[in-house]
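Comments concern the structure below.
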There are 2 protein chains.
Amino acid sequence: MPAKKPAFKRRSGCPLNASVEMLGDRWSLLIIRDMMLLGYRTFKEFLNSHERIASNILADRLLRLENYGIIASARDLSDGRKQIYSLTPKGLGLAPVLTEMVLWAAAYEDTGNQALVRLIHKDKDGFLAQVRKRFANRSSPAK
Amino acid sequence: MPAKKPAFKRRSGCPLNASVEMLGDRWSLLIIRDMMLLGYRTFKEFLNSHERIASNILADRLLRLENYGIIASARDLSDGRKQIYSLTPKGLGLAPVLTEMVLWAAAYEDTGNQALVRLIHKDKDGFLAQVRKRFANRSSPAK
DNA sequence: AATGTCACTTGTGAATTGCAAGTTAAAATG
DNA sequence: CATTTTAACTTGCAATTCACAAGTGACATT
């Protein structure tokens, strides 16, 4: 059963507003992209990601995303210093949102990673199924 | 021919990053929603929208969205005080992004407007075709 | 025991946001 | 044609958020 109530007051009940309040900033979706497409799991990996997020912002966003139930965190068993972050089903459910945002930007802007764009374009449903499968298997990251 | 170059430097070439830099804030997508789904066209209409955006933020966002080519503006011929804002094809191209965000939030959060959610769920492609058609006709707003 | 790594936290200034109160130009009214 | 109203912004200011640099403490490696 989905549909959890928010612990705070929303500006409106519109579902789009709910999405925007959870994800409407310059970093959250990039972190989710790194987890979903690149298999990133640790603070350091996110920190070294291409767009160079600041460490305090990263810490804040990870906490926020965890509070929203989009990601989960646990200590690494083999190395007690490490936190391992992972997508929850709710986070994984953002795959269609990410793919549509990728397709939109690729259609109207001059962007890189055209290989990914072509792959999504060619078989969107297949791509989404592949993402889901990779996380169902808990196997190695994409790249 | 799509794919325009940005006039400024992006943090990365990733298409998702491009989307996030253009739309990653708490208001832009809500303005686009108001235009796309409710047929809003004037400053005052956006200002009176449910989430209560501040006027300076609204002015800033309208300018940003226009600079990104997502919306266009023109003076109202019958009332010289009014600016009429409208979606460009690029802005209209955001319809799939909005619908996926709506579906995601509706699936995992307790949100309102379930009528819209059910409509989208039942026939997503039909819904998108309907939005496109409404703007092709330049006819009256949805509501 | 010494050094390095990892995940943060703190401090600092700059930029952005939100709210209230103007301002300007163009209708509408009397 | 003078006054009022309306629409679309500005401006000022306090509060929040952001980016960058520099710690800190727990743990791992040597």
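The values are calculated or read from the model by the stated rules, or taken from the named source; none is laboratory data. What you see is a predicted model; the values in this text were computed from it and never measured. As a convention, Cβ positions derive from the backbone with ideal geometry for all residues, glycine included, and neighbour counts pool all protein chains shown. These area figures cover heavy atoms from the full protein model, side chains too; ligands, DNA and RNA do not enter into them. Shrake-Rupley method; radii C 1.70, N 1.55, O 1.52, S 1.80 Å.
Need one value for B:22-32: mean number of C-beta atoms belonging to other chains within 10 Å of its residues' C-beta atoms.
The per-residue average across the peptide is 5.
Averaging sequence separations of C-alpha pairs under 8 Å and six or more residues apart, then dividing by the length of chain B, give the relative contact order as a whole percent. Walk me through the numbers on the way to the answer.
Details: 106 pairs, mean separation 31.4, N = 143.
Relative contact order, chain B: 22 percent.
About the Cα centre of the stretch B:15-137, how large is the charge dipole given +1 on each Lys and Arg Cβ and -1 on each Asp and Glu Cβ? Please answer in debye to the nearest 20.
My answer is approximately 400 debye.
Chymotrypsin sites (Phe, Trp or Tyr not before Pro) within the stretch B:78-116: which are DSSP loop residues with at most 14 other Cβ atoms inside 10 Å?
Answer by residue number: there is no such site.
Given a 1.4 Å probe and heavy atoms of the protein chains only, how would you sort B:Leu16, B:Leu37, largest accessible area at the top?
Greatest to least solvent exposure: B:Leu37, B:Leu16.
What residues qualify as long-range amide H neighbours of B:Cys14, i.e. H under 5 Å apart, gap of 5 or more or another chain, H built at 1.01 Å from N?
Long-range HN contacts for B:Cys14: A:Gly112.
Assuming a ≥ b ≥ c are the square roots of the Cα gyration tensor eigenvalues, decide whether chain B counts as rounded (a/c under 1.5), prolate (otherwise, with a/b larger than b/c) or oblate.
The shape class here is rounded.
Kindly provide the helix-only [θ] at 222 nm of chain B, computed as the sum of -39,500 (n - 2.57) over DSSP H runs of four or more divided by all residues, to the nearest 500 deg cm²/dmol? Numbers along the way, then the final one.
Details: 8 runs with 79 residues, N = 143.
When only DSSP H runs of four or more count, the value is -16000 deg cm²/dmol.
Report the calculated FRET efficiency for A:Ala59 and A:Lys9 (r = Cβ-Cβ distance, R0 = 25 Å), to the nearest 0.05.
Efficiency for this residue pair is about 0.50.
Can you run phi through the Karplus equation (6.51, -1.76, 1.60; θ = phi - 60°) for the stretch A:20-32 and list ³J(HN,Hα) in whole Hz, with x for Gly and Pro?
Result, ordered by residue: 5, 5, 7, 10, x, 8, 7, 10, 3, 5, 5, 4, 5 Hz.
What ranking of A:Ile84, A:Ile70 comes out by heavy-atom accessible area, probe 1.4 Å, highest first?
So, going from the largest accessible area down, we get A:Ile84, A:Ile70.
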